[in-house]
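Participant: I am attaching a structure below and will ask some questions about it afterwards.
The values are calculated or read from the model by the stated rules, or taken from the named source; none is laboratory data. This structure is a prediction, so every number in the text was calculated from the model and none was measured. All Cβ positions, glycine included, derive from the backbone under ideal geometry; neighbour counts span all protein chains shown. To get the accessible areas, we keep the full protein, side chains included, count just its heavy atoms, and leave off ligands, DNA and RNA. Shrake-Rupley method; radii C 1.70, N 1.55, O 1.52, S 1.80 Å.
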Protein chains: 2
Amino acid sequence: MVADKPRRRIIAVGSGKGGVGKSTVSANLAIALARAGRKVGLVDADIYGPSQPRLMGSEGIKPTAQGDKLIPVPNQWGVPLLSMGQLIEPDKAIAWRGPMAGNALGQLIDADWGDAEVLVVDLPPGTGDVQLTMLQRYKPAGAVIVSTPQDLALIDARRAIQLFEVGQVPVIGMIENMAGYVCPHCGEVSDPFGTGGAEAAARSLDLPFLGRIPLELSIRQASDAGTPPAAGEGPAADVFAALARQVSAWLDNH
Amino acid sequence: MVADKPRRRIIAVGSGKGGVGKSTVSANLAIALARAGRKVGLVDADIYGPSQPRLMGSEGIKPTAQGDKLIPVPNQWGVPLLSMGQLIEPDKAIAWRGPMAGNALGQLIDADWGDAEVLVVDLPPGTGDVQLTMLQRYKPAGAVIVSTPQDLALIDARRAIQLFEVGQVPVIGMIENMAGYVCPHCGEVSDPFGTGGAEAAARSLDLPFLGRIPLELSIRQASDAGTPPAAGEGPAADVFAALARQVSAWLDNH
(Lines give C-alpha, C1' and ligand atoms only; values in the text may rest on other atoms or scores of the structure.)
Protein backbone atom coordinates (compact mmCIF):
# COMPACT_ATOMS: atom_id res chain seq x y z
CA MET A 1 0.00 0.00 0.00
CA VAL A 2 1.25 3.41 -0.92
CA ALA A 3 0.28 6.53 1.00
CA ASP A 4 -1.62 9.06 -1.07
CA LYS A 5 0.60 11.91 -2.13
CA PRO A 6 -1.13 15.10 -1.07
CA ARG A 7 -2.46 17.00 -4.06
CA ARG A 8 -0.72 20.34 -3.74
CA ARG A 9 -1.65 23.00 -6.20
CA ILE A 10 0.11 26.21 -7.11
CA ILE A 11 -1.71 29.50 -7.53
CA ALA A 12 0.60 31.94 -9.30
CA VAL A 13 0.10 35.65 -8.71
CA GLY A 14 1.54 37.59 -11.61
CA SER A 15 1.39 41.04 -13.07
CA GLY A 16 3.73 41.72 -15.94
CA LYS A 17 4.60 45.12 -14.50
CA GLY A 18 6.21 45.63 -11.11
CA GLY A 19 4.92 47.88 -8.39
CA VAL A 20 1.27 47.15 -8.97
CA GLY A 21 0.78 45.41 -5.62
CA LYS A 22 1.35 41.81 -6.63
CA SER A 23 3.19 41.00 -3.40
CA THR A 24 0.52 42.67 -1.27
CA VAL A 25 -2.18 40.69 -3.07
CA SER A 26 -0.21 37.43 -2.73
CA ALA A 27 0.34 37.82 1.02
CA ASN A 28 -3.20 38.85 1.75
CA LEU A 29 -4.75 36.24 -0.55
CA ALA A 30 -2.72 33.53 1.21
CA ILE A 31 -3.84 34.78 4.64
CA ALA A 32 -7.47 35.08 3.56
CA LEU A 33 -7.39 31.54 2.15
CA ALA A 34 -5.95 30.29 5.46
CA ARG A 35 -8.67 32.12 7.40
CA ALA A 36 -11.20 30.38 5.17
CA GLY A 37 -9.79 27.04 6.29
CA ARG A 38 -7.34 26.15 3.52
CA LYS A 39 -3.85 24.86 4.29
CA VAL A 40 -1.70 27.41 2.51
CA GLY A 41 1.98 28.12 1.99
CA LEU A 42 3.44 31.29 0.50
CA VAL A 43 6.42 31.33 -1.88
CA ASP A 44 8.08 34.64 -2.63
CA ALA A 45 9.46 33.97 -6.11
CA ASP A 46 10.42 37.60 -6.63
CA ILE A 47 14.06 36.63 -6.47
CA TYR A 48 15.48 40.11 -7.08
CA GLY A 49 13.06 42.09 -4.96
CA PRO A 50 11.68 39.87 -2.21
CA SER A 51 9.03 41.78 -0.24
CA GLN A 52 7.29 38.98 1.65
CA PRO A 53 9.45 38.87 4.81
CA ARG A 54 8.57 42.52 5.38
CA LEU A 55 4.91 42.15 4.40
CA MET A 56 4.47 39.07 6.62
CA GLY A 57 6.29 40.64 9.54
CA SER A 58 9.02 38.00 9.63
CA GLU A 59 12.11 39.91 8.57
CA GLY A 60 15.38 38.53 9.83
CA ILE A 61 14.09 35.00 10.49
CA LYS A 62 16.01 32.42 8.47
CA PRO A 63 14.49 29.08 7.47
CA THR A 64 16.09 25.91 8.79
CA ALA A 65 16.66 22.84 6.64
CA GLN A 66 16.08 19.11 7.01
CA GLY A 67 18.32 17.13 4.70
CA ASP A 68 18.32 19.08 1.46
CA LYS A 69 14.89 20.58 2.04
CA LEU A 70 14.19 24.01 3.45
CA ILE A 71 11.61 24.29 6.22
CA PRO A 72 9.26 27.22 5.59
CA VAL A 73 9.17 29.91 8.28
CA PRO A 74 5.92 29.81 10.29
CA ASN A 75 4.14 32.98 11.39
CA GLN A 76 1.14 34.08 13.39
CA TRP A 77 -1.02 34.26 10.25
CA GLY A 78 -0.82 30.50 9.75
CA VAL A 79 0.87 30.85 6.37
CA PRO A 80 4.40 29.40 6.30
CA LEU A 81 6.68 31.42 4.06
CA LEU A 82 9.81 30.91 2.02
CA SER A 83 11.50 33.87 0.37
CA MET A 84 14.86 34.66 -1.11
CA GLY A 85 14.81 37.62 1.25
CA GLN A 86 15.25 35.17 4.13
CA LEU A 87 18.45 33.77 2.64
CA ILE A 88 20.21 36.94 1.48
CA GLU A 89 21.31 39.83 3.66
CA PRO A 90 19.34 43.06 3.32
CA ASP A 91 20.98 45.81 1.24
CA LYS A 92 22.87 43.19 -0.79
CA ALA A 93 22.09 42.92 -4.48
CA ILE A 94 20.95 39.48 -5.63
CA ALA A 95 23.10 39.61 -8.76
CA TRP A 96 22.16 36.33 -10.37
CA ARG A 97 21.75 35.34 -13.96
CA GLY A 98 18.69 33.36 -15.00
CA PRO A 99 19.81 29.78 -14.28
CA MET A 100 20.69 30.66 -10.69
CA ALA A 101 17.34 32.36 -10.26
CA GLY A 102 15.64 29.23 -11.63
CA ASN A 103 17.53 27.01 -9.18
CA ALA A 104 16.63 29.26 -6.28
CA LEU A 105 12.98 29.01 -7.25
CA GLY A 106 13.30 25.22 -7.19
CA GLN A 107 14.67 25.31 -3.66
CA LEU A 108 11.73 27.36 -2.48
CA ILE A 109 9.05 25.24 -4.14
CA ASP A 110 10.61 21.84 -3.44
CA ALA A 111 10.76 22.63 0.27
CA ASP A 112 9.08 20.71 3.07
CA TRP A 113 5.62 22.26 2.79
CA GLY A 114 4.03 19.70 5.11
CA ASP A 115 0.27 19.47 4.69
CA ALA A 116 -0.15 22.60 2.60
CA GLU A 117 -2.68 21.96 -0.17
CA VAL A 118 -2.17 25.30 -1.87
CA LEU A 119 1.03 27.25 -2.55
CA VAL A 120 0.49 30.88 -3.40
CA VAL A 121 3.47 31.95 -5.50
CA ASP A 122 4.32 35.65 -5.75
CA LEU A 123 5.97 35.93 -9.16
CA PRO A 124 8.51 38.59 -10.12
CA PRO A 125 7.46 41.11 -12.77
CA GLY A 126 8.14 40.26 -16.38
CA THR A 127 8.08 37.09 -18.43
CA GLY A 128 11.62 35.81 -17.98
CA ASP A 129 13.52 32.95 -16.42
CA VAL A 130 11.48 32.53 -13.24
CA GLN A 131 8.18 32.54 -15.12
CA LEU A 132 9.48 30.11 -17.73
CA THR A 133 10.87 27.77 -15.06
CA MET A 134 7.53 27.90 -13.25
CA LEU A 135 5.63 26.94 -16.41
CA GLN A 136 8.05 24.18 -17.33
CA ARG A 137 8.85 22.64 -13.94
CA TYR A 138 6.18 23.79 -11.48
CA LYS A 139 3.11 24.33 -13.57
CA PRO A 140 0.54 26.39 -11.65
CA ALA A 141 -3.03 25.13 -11.41
CA GLY A 142 -4.18 28.68 -12.05
CA ALA A 143 -3.04 32.29 -12.12
CA VAL A 144 -4.33 35.52 -10.63
CA ILE A 145 -3.33 38.66 -12.54
CA VAL A 146 -2.88 41.95 -10.68
CA SER A 147 -2.91 45.29 -12.46
CA THR A 148 -3.46 48.93 -11.73
CA PRO A 149 -6.00 50.69 -13.93
CA GLN A 150 -3.17 52.55 -15.70
CA ASP A 151 -2.72 51.86 -19.43
CA LEU A 152 0.98 51.27 -18.95
CA ALA A 153 0.32 48.51 -16.41
CA LEU A 154 -2.40 46.92 -18.51
CA ILE A 155 -0.06 46.63 -21.51
CA ASP A 156 2.27 44.48 -19.42
CA ALA A 157 -0.59 42.55 -17.80
CA ARG A 158 -1.71 41.45 -21.27
CA ARG A 159 1.77 40.13 -21.94
CA ALA A 160 1.72 38.16 -18.68
CA ILE A 161 -1.70 36.72 -19.48
CA GLN A 162 -0.49 35.69 -22.90
CA LEU A 163 2.42 33.79 -21.33
CA PHE A 164 0.05 31.84 -19.07
CA GLU A 165 -2.16 31.06 -22.07
CA VAL A 166 0.78 29.77 -24.07
CA GLY A 167 1.80 27.71 -21.03
CA GLN A 168 -1.79 26.41 -20.73
CA VAL A 169 -2.23 27.78 -17.23
CA PRO A 170 -5.84 28.90 -16.72
CA VAL A 171 -6.20 32.50 -15.59
CA ILE A 172 -8.56 32.54 -12.59
CA GLY A 173 -9.14 36.24 -13.09
CA MET A 174 -7.85 39.79 -12.84
CA ILE A 175 -7.80 42.02 -9.81
CA GLU A 176 -7.48 45.80 -9.97
CA ASN A 177 -5.23 47.42 -7.39
CA MET A 178 -4.71 51.08 -6.49
CA ALA A 179 -8.16 52.02 -7.73
CA GLY A 180 -9.68 54.92 -5.88
CA TYR A 181 -7.82 56.98 -3.29
CA VAL A 182 -9.76 58.49 -0.41
CA CYS A 183 -8.35 61.91 0.46
CA PRO A 184 -7.62 61.89 4.20
CA HIS A 185 -8.49 65.61 4.31
CA CYS A 186 -11.89 65.78 2.61
CA GLY A 187 -12.88 62.12 2.26
CA GLU A 188 -13.54 62.45 -1.46
CA VAL A 189 -12.37 59.70 -3.82
CA SER A 190 -10.09 60.32 -6.78
CA ASP A 191 -8.10 58.05 -9.05
CA PRO A 192 -4.38 58.84 -9.35
CA PHE A 193 -3.94 55.77 -11.55
CA GLY A 194 -7.31 55.95 -13.29
CA THR A 195 -10.15 53.55 -12.65
CA GLY A 196 -11.90 50.64 -14.30
CA GLY A 197 -9.08 49.85 -16.73
CA ALA A 198 -8.45 46.37 -15.36
CA GLU A 199 -12.15 45.49 -15.31
CA ALA A 200 -12.48 46.61 -18.93
CA ALA A 201 -9.36 44.66 -19.87
CA ALA A 202 -10.70 41.54 -18.13
CA ARG A 203 -13.97 41.88 -20.06
CA SER A 204 -12.22 42.35 -23.39
CA LEU A 205 -10.05 39.30 -22.68
CA ASP A 206 -13.08 37.31 -21.50
CA LEU A 207 -11.56 36.77 -18.04
CA PRO A 208 -13.35 36.95 -14.69
CA PHE A 209 -12.87 40.23 -12.81
CA LEU A 210 -12.06 39.39 -9.19
CA GLY A 211 -12.45 42.79 -7.60
CA ARG A 212 -10.93 46.14 -6.85
CA ILE A 213 -8.51 47.08 -4.08
CA PRO A 214 -8.46 50.77 -3.21
CA LEU A 215 -5.23 52.76 -2.90
CA GLU A 216 -5.48 53.11 0.85
CA LEU A 217 -3.04 54.62 3.25
CA SER A 218 -4.00 51.95 5.77
CA ILE A 219 -3.08 49.09 3.39
CA ARG A 220 0.28 50.66 2.58
CA GLN A 221 1.03 51.33 6.23
CA ALA A 222 -0.04 47.85 7.32
CA SER A 223 2.10 46.36 4.54
CA ASP A 224 5.17 48.37 5.47
CA ALA A 225 4.60 47.43 9.12
CA GLY A 226 4.23 43.69 8.54
CA THR A 227 0.63 43.48 9.75
CA PRO A 228 -1.28 42.28 6.68
CA PRO A 229 -4.74 43.84 6.42
CA ALA A 230 -6.30 40.47 5.47
CA ALA A 231 -5.50 39.23 8.99
CA GLY A 232 -7.53 42.05 10.57
CA GLU A 233 -11.08 43.28 10.31
CA GLY A 234 -12.69 45.99 8.24
CA PRO A 235 -13.11 46.95 4.60
CA ALA A 236 -9.58 46.00 3.52
CA ALA A 237 -9.90 42.53 5.11
CA ASP A 238 -13.28 42.14 3.39
CA VAL A 239 -11.78 42.86 -0.03
CA PHE A 240 -9.23 40.08 0.40
CA ALA A 241 -11.78 37.68 1.92
CA ALA A 242 -13.94 38.16 -1.18
CA LEU A 243 -10.94 37.48 -3.40
CA ALA A 244 -10.13 34.32 -1.41
CA ARG A 245 -13.73 33.10 -1.72
CA GLN A 246 -13.51 33.33 -5.50
CA VAL A 247 -10.15 31.59 -5.66
CA SER A 248 -11.39 28.93 -3.25
CA ALA A 249 -14.50 28.30 -5.34
CA TRP A 250 -12.30 28.04 -8.41
CA LEU A 251 -10.10 25.47 -6.64
CA ASP A 252 -13.20 23.44 -5.69
CA ASN A 253 -14.27 23.34 -9.32
CA HIS A 254 -10.94 22.48 -10.92
CA MET B 1 44.87 60.50 -39.14
CA VAL B 2 42.09 58.82 -37.24
CA ALA B 3 38.74 60.48 -36.67
CA ASP B 4 37.92 61.04 -33.03
CA LYS B 5 35.45 58.48 -31.81
CA PRO B 6 32.63 60.40 -30.17
CA ARG B 7 32.67 59.97 -26.44
CA ARG B 8 29.26 58.52 -25.74
CA ARG B 9 28.29 57.98 -22.16
CA ILE B 10 25.54 55.90 -20.65
CA ILE B 11 23.35 57.13 -17.82
CA ALA B 12 21.51 54.17 -16.32
CA VAL B 13 18.17 54.78 -14.63
CA GLY B 14 17.50 52.00 -12.16
CA SER B 15 15.22 51.26 -9.28
CA GLY B 16 15.36 47.76 -7.89
CA LYS B 17 11.59 47.66 -7.61
CA GLY B 18 9.25 47.99 -10.57
CA GLY B 19 6.38 50.42 -10.81
CA VAL B 20 8.14 53.29 -9.09
CA GLY B 21 8.24 55.49 -12.19
CA LYS B 22 11.65 54.58 -13.58
CA SER B 23 10.43 54.67 -17.17
CA THR B 24 8.67 58.00 -16.66
CA VAL B 25 11.84 59.46 -15.12
CA SER B 26 14.01 58.05 -17.94
CA ALA B 27 11.83 59.48 -20.71
CA ASN B 28 11.48 62.87 -19.12
CA LEU B 29 15.13 63.09 -18.08
CA ALA B 30 16.16 62.35 -21.67
CA ILE B 31 13.81 65.01 -23.02
CA ALA B 32 14.91 67.58 -20.43
CA LEU B 33 18.57 66.89 -21.25
CA ALA B 34 17.78 67.38 -24.96
CA ARG B 35 15.97 70.65 -24.19
CA ALA B 36 19.10 71.75 -22.33
CA GLY B 37 21.12 71.24 -25.50
CA ARG B 38 22.55 67.73 -25.04
CA LYS B 39 22.48 65.17 -27.85
CA VAL B 40 20.59 62.34 -26.22
CA GLY B 41 19.33 58.89 -27.14
CA LEU B 42 16.94 56.76 -25.10
CA VAL B 43 17.28 52.99 -24.68
CA ASP B 44 14.37 51.07 -23.21
CA ALA B 45 16.20 48.13 -21.62
CA ASP B 46 13.07 46.93 -19.83
CA ILE B 47 12.99 43.91 -22.09
CA TYR B 48 9.93 42.28 -20.51
CA GLY B 49 7.85 45.38 -19.94
CA PRO B 50 8.82 48.04 -22.47
CA SER B 51 6.92 51.26 -21.72
CA GLN B 52 8.87 53.81 -23.74
CA PRO B 53 7.03 53.57 -27.09
CA ARG B 54 3.83 54.51 -25.24
CA LEU B 55 5.49 57.15 -23.05
CA MET B 56 7.22 58.78 -26.03
CA GLY B 57 4.12 58.67 -28.21
CA SER B 58 5.70 56.46 -30.86
CA GLU B 59 3.79 53.20 -30.52
CA GLY B 60 3.61 51.10 -33.64
CA ILE B 61 6.66 52.65 -35.33
CA LYS B 62 9.35 50.07 -36.05
CA PRO B 63 13.02 50.96 -36.33
CA THR B 64 14.75 50.38 -39.65
CA ALA B 65 18.24 48.89 -39.91
CA GLN B 66 21.39 49.70 -41.83
CA GLY B 67 23.62 46.65 -42.21
CA ASP B 68 23.41 44.93 -38.84
CA LYS B 69 22.70 48.11 -36.92
CA LEU B 70 19.27 49.31 -35.86
CA ILE B 71 18.40 52.95 -36.57
CA PRO B 72 16.72 54.52 -33.54
CA VAL B 73 13.22 55.89 -34.08
CA PRO B 74 13.19 59.72 -34.11
CA ASN B 75 10.39 61.70 -32.48
CA GLN B 76 9.25 65.27 -32.03
CA TRP B 77 11.02 65.49 -28.66
CA GLY B 78 14.44 65.19 -30.30
CA VAL B 79 15.27 62.00 -28.42
CA PRO B 80 15.71 58.98 -30.72
CA LEU B 81 14.43 55.80 -29.09
CA LEU B 82 15.05 52.09 -29.27
CA SER B 83 12.85 49.69 -27.33
CA MET B 84 12.02 46.02 -27.38
CA GLY B 85 8.43 47.22 -27.55
CA GLN B 86 9.12 48.38 -31.13
CA LEU B 87 10.22 44.93 -32.21
CA ILE B 88 7.60 42.73 -30.55
CA GLU B 89 3.87 42.81 -31.13
CA PRO B 90 1.72 44.22 -28.34
CA ASP B 91 -0.08 41.63 -26.15
CA LYS B 92 2.63 39.07 -26.88
CA ALA B 93 4.73 37.87 -23.97
CA ILE B 94 8.48 38.35 -24.37
CA ALA B 95 9.29 34.92 -23.01
CA TRP B 96 13.05 34.99 -23.11
CA ARG B 97 15.64 33.56 -20.80
CA GLY B 98 18.55 35.70 -19.69
CA PRO B 99 21.03 35.19 -22.56
CA MET B 100 18.43 36.25 -25.12
CA ALA B 101 17.58 39.29 -23.05
CA GLY B 102 21.30 40.15 -22.88
CA ASN B 103 21.63 39.85 -26.67
CA ALA B 104 18.58 42.04 -27.21
CA LEU B 105 20.13 44.67 -24.95
CA GLY B 106 23.29 44.55 -27.09
CA GLN B 107 21.27 45.19 -30.26
CA LEU B 108 19.67 48.25 -28.71
CA ILE B 109 22.89 49.77 -27.37
CA ASP B 110 25.13 48.90 -30.33
CA ALA B 111 22.73 50.64 -32.70
CA ASP B 112 23.50 53.60 -34.95
CA TRP B 113 23.13 56.36 -32.38
CA GLY B 114 24.64 59.00 -34.67
CA ASP B 115 25.94 62.01 -32.77
CA ALA B 116 24.29 61.20 -29.45
CA GLU B 117 26.70 61.97 -26.62
CA VAL B 118 24.49 60.56 -23.89
CA LEU B 119 22.37 57.41 -23.85
CA VAL B 120 19.77 57.32 -21.11
CA VAL B 121 19.10 53.65 -20.39
CA ASP B 122 15.81 52.68 -18.71
CA LEU B 123 16.73 49.49 -16.82
CA PRO B 124 14.27 46.74 -15.91
CA PRO B 125 13.56 46.21 -12.23
CA GLY B 126 15.78 43.80 -10.33
CA THR B 127 19.44 42.91 -10.44
CA GLY B 128 19.48 40.14 -13.03
CA ASP B 129 20.78 39.40 -16.50
CA VAL B 130 20.17 42.78 -18.10
CA GLN B 131 21.82 44.65 -15.22
CA LEU B 132 24.78 42.28 -15.17
CA THR B 133 25.23 42.54 -18.94
CA MET B 134 25.11 46.34 -18.66
CA LEU B 135 27.82 46.36 -16.00
CA GLN B 136 30.03 43.91 -17.86
CA ARG B 137 29.63 45.02 -21.48
CA TYR B 138 28.16 48.53 -21.47
CA LYS B 139 29.38 50.08 -18.29
CA PRO B 140 27.35 53.19 -17.45
CA ALA B 141 29.18 56.43 -16.62
CA GLY B 142 26.70 56.96 -13.82
CA ALA B 143 23.36 55.84 -12.43
CA VAL B 144 20.22 57.60 -11.28
CA ILE B 145 18.14 55.67 -8.74
CA VAL B 146 14.38 56.13 -8.61
CA SER B 147 12.33 55.14 -5.59
CA THR B 148 9.00 55.87 -4.01
CA PRO B 149 9.08 56.86 -0.34
CA GLN B 150 7.63 53.48 0.62
CA ASP B 151 9.79 51.19 2.77
CA LEU B 152 9.21 48.28 0.41
CA ALA B 153 10.57 50.25 -2.54
CA LEU B 154 13.55 51.54 -0.58
CA ILE B 155 14.59 48.01 0.40
CA ASP B 156 14.93 47.15 -3.29
CA ALA B 157 16.54 50.50 -4.15
CA ARG B 158 19.32 49.70 -1.69
CA ARG B 159 19.95 46.41 -3.46
CA ALA B 160 20.15 48.19 -6.83
CA ILE B 161 22.57 50.76 -5.41
CA GLN B 162 24.73 48.00 -4.01
CA LEU B 163 24.94 46.36 -7.45
CA PHE B 164 26.15 49.63 -9.00
CA GLU B 165 28.71 50.01 -6.23
CA VAL B 166 30.05 46.50 -6.76
CA GLY B 167 30.19 47.27 -10.50
CA GLN B 168 32.04 50.53 -9.76
CA VAL B 169 29.37 52.66 -11.39
CA PRO B 170 29.04 55.99 -9.56
CA VAL B 171 25.52 56.75 -8.37
CA ILE B 172 24.69 60.32 -9.46
CA GLY B 173 21.88 60.44 -6.94
CA MET B 174 18.41 59.36 -5.89
CA ILE B 175 15.10 60.80 -6.97
CA GLU B 176 11.85 60.32 -5.07
CA ASN B 177 8.75 59.66 -7.13
CA MET B 178 5.06 59.57 -6.16
CA ALA B 179 5.66 61.86 -3.21
CA GLY B 180 2.69 64.04 -2.37
CA TYR B 181 -0.69 63.70 -4.03
CA VAL B 182 -2.85 66.77 -4.48
CA CYS B 183 -6.52 65.91 -4.00
CA PRO B 184 -8.38 67.18 -7.07
CA HIS B 185 -11.41 67.86 -4.85
CA CYS B 186 -9.98 69.90 -1.99
CA GLY B 187 -6.44 70.69 -3.16
CA GLU B 188 -4.87 69.34 0.02
CA VAL B 189 -1.71 67.24 -0.20
CA SER B 190 -1.44 63.74 1.25
CA ASP B 191 1.06 60.93 0.82
CA PRO B 192 -0.37 57.55 -0.24
CA PHE B 193 3.16 56.15 -0.43
CA GLY B 194 4.60 58.15 2.45
CA THR B 195 7.06 61.00 2.07
CA GLY B 196 10.72 61.75 2.57
CA GLY B 197 11.83 58.12 2.65
CA ALA B 198 14.04 58.36 -0.41
CA GLU B 199 15.65 61.59 0.78
CA ALA B 200 16.42 59.99 4.15
CA ALA B 201 17.78 56.89 2.41
CA ALA B 202 20.00 59.05 0.16
CA ARG B 203 21.34 60.84 3.21
CA SER B 204 22.04 57.63 5.09
CA LEU B 205 23.84 56.21 2.04
CA ASP B 206 25.73 59.48 1.52
CA LEU B 207 24.24 59.96 -1.95
CA PRO B 208 22.99 63.21 -3.50
CA PHE B 209 19.22 63.67 -3.42
CA LEU B 210 18.09 64.84 -6.85
CA GLY B 211 14.53 65.87 -6.10
CA ARG B 212 10.97 64.87 -5.60
CA ILE B 213 8.31 64.19 -8.24
CA PRO B 214 4.74 64.48 -7.02
CA LEU B 215 2.11 61.80 -7.68
CA GLU B 216 0.17 63.93 -10.13
CA LEU B 217 -2.80 63.03 -12.23
CA SER B 218 -1.40 65.23 -15.00
CA ILE B 219 1.89 63.30 -15.12
CA ARG B 220 0.11 59.95 -15.27
CA GLN B 221 -2.31 61.17 -17.92
CA ALA B 222 0.46 62.75 -20.02
CA SER B 223 2.48 59.53 -19.72
CA ASP B 224 -0.41 57.32 -20.79
CA ALA B 225 -1.13 59.72 -23.67
CA GLY B 226 2.44 59.83 -24.99
CA THR B 227 2.95 63.55 -24.34
CA PRO B 228 5.82 63.63 -21.82
CA PRO B 229 5.43 66.43 -19.27
CA ALA B 230 9.12 67.38 -19.60
CA ALA B 231 8.39 68.54 -23.15
CA GLY B 232 5.77 70.99 -21.95
CA GLU B 233 5.68 73.89 -19.52
CA GLY B 234 4.66 74.12 -15.89
CA PRO B 235 5.59 72.57 -12.55
CA ALA B 236 6.06 69.02 -13.85
CA ALA B 237 8.37 70.21 -16.63
CA ASP B 238 10.31 72.25 -14.06
CA VAL B 239 10.89 69.18 -11.88
CA PHE B 240 12.47 67.28 -14.77
CA ALA B 241 14.44 70.34 -15.96
CA ALA B 242 15.96 70.59 -12.47
CA LEU B 243 16.84 66.90 -12.56
CA ALA B 244 18.46 67.33 -16.00
CA ARG B 245 20.51 70.31 -14.75
CA GLN B 246 21.97 68.17 -11.97
CA VAL B 247 22.74 65.25 -14.28
CA SER B 248 24.23 67.65 -16.84
CA ALA B 249 26.46 69.25 -14.24
CA TRP B 250 27.55 65.81 -13.12
CA LEU B 251 28.43 64.91 -16.72
CA ASP B 252 30.48 68.12 -17.07
CA ASN B 253 32.48 67.19 -13.99
CA HIS B 254 33.10 63.53 -14.82
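Participant: Of all beta bridges DSSP finds with both residues in segment B:117-254, what is the antiparallel percent, to the nearest 5?
Facilitator: Within segment B:117-254, antiparallel bridges account for around 15 percent of the total.
Participant: I want the local charge near B:LEU33. Using Cβ-Cβ distances under 11 Å, sum +1 for each Lys or Arg and -1 for each Asp or Glu among the other residues.
Facilitator: +3
Participant: Follow-up. Pairs to check: A:LYS39/A:LYS69; A:LYS39/A:LYS92; A:LYS17/B:LYS39; B:LYS39/B:LYS62; A:LYS17/A:LYS62; A:LYS69/B:LYS92. Give those whose C-alpha atoms are more than 27 Å from each other in this structure.
Facilitator: Long pairs (Cα-Cα over 27 Å): A:LYS39/A:LYS92; A:LYS17/B:LYS39; A:LYS17/A:LYS62; A:LYS69/B:LYS92.
Participant: Please say if the protein assembly as shown is rounded, prolate or oblate, where rounded means a/c under 1.5 for a ≥ b ≥ c the square roots of the C-alpha gyration tensor eigenvalues, and otherwise the choice is prolate for a/b larger than b/c and oblate otherwise?
Facilitator: Prolate, because a/c is 1.5 or more and a/b exceeds b/c.
Participant: Report, to the nearest whole %, how much of the accessible area of chain A belongs to carbon and sulfur atoms, 1.4 Å probe, protein only.
Facilitator: Percent of accessible area from carbon and sulfur atoms in chain A: 51.
Participant: Counting other C-beta atoms within 10 Å, and keeping those with at most 14, which DSSP coil GluC sites (Glu not before Pro) do you find in segment A:172-220?
Facilitator: For GluC sites (Glu not before Pro) across segment A:172-220 that sit outside H, G, I, E and B with at most 14 neighbouring Cβ atoms in 10 Å, the list reads A:GLU188.
Participant: Sort chain A into rounded, prolate or oblate with this rule: let a ≥ b ≥ c be the square roots of the eigenvalues of the Cα gyration tensor; rounded if a/c is under 1.5, and if a/c is not under 1.5, prolate when a/b is larger than b/c, oblate otherwise.
Facilitator: Cα axes put chain A in the rounded bin.
Participant: Right, here's the next one. Around A:LEU207, with a cut-off of 15 angstrom between Cβ atoms, what is the net charge of the other residues, counting Lys and Arg +1 and Asp and Glu -1?
Facilitator: Around A:LEU207, the surrounding residues sum to -1.
Participant: Using a Förster radius of 30 Å, what is the FRET efficiency between B:PHE209 and B:ARG7 based on their Cβ-Cβ separation? Nearest 0.05, please.
Facilitator: According to the calculation, E is roughly 0.60.
Participant: Another question, then. In nm, to one decimal, how far is the A:ASN103 label point from the B:SER248 one, both placed 7 Å along Cα→Cβ?
Facilitator: 4.8
Participant: How tilted is helix B:98-109 with respect to the longest principal axis of chain B? Cα atoms for both, answer in degrees (0 to 90, nearest 10).
Facilitator: Between the helix axis and the principal axis of chain B, the angle is about 80 degrees.
Participant: 7 Å from Cα along Cα→Cβ at both A:LEU87 and B:LEU87: what's the point-to-point distance in nm?
Facilitator: 3.1
Participant: I would also like to ask the following. Between A:LYS139 and A:ASP68, what is the FRET efficiency for a Förster distance of 22 Å, r being their Cβ-Cβ separation, to the nearest 0.05?
Facilitator: With R0 = 22 Å, the Cβ-Cβ based efficiency is 0.45.
Participant: Counting Lys and Arg as +1 and Asp and Glu as -1, what is the net charge of the other residues whose Cβ lies under 9 Å from the Cβ of A:ASN177?
Facilitator: For residues surrounding A:ASN177, the net value is +1.
Participant: Suppose only helical runs count, i.e. DSSP H with n ≥ 4. What mean residue ellipticity at 222 nm does that imply for chain B under -39500 (n - 2.57) per run, divided by all residues and rounded to the nearest 500 deg cm²/dmol?
Facilitator: -11000 deg cm²/dmol
Participant: Sorted by accessible area (1.4 Å probe), largest first, how do B:ASP191, B:ASP129, A:ASP238 line up?
Facilitator: A:ASP238, B:ASP191, B:ASP129
Participant: Moving to a separate point now. In Å², rounded to the nearest 100, what is the total accessible surface buried by chains B and A against each other with a 1.4 Å probe?
Facilitator: Answer for the B-A pair: about 4700 Å² buried.
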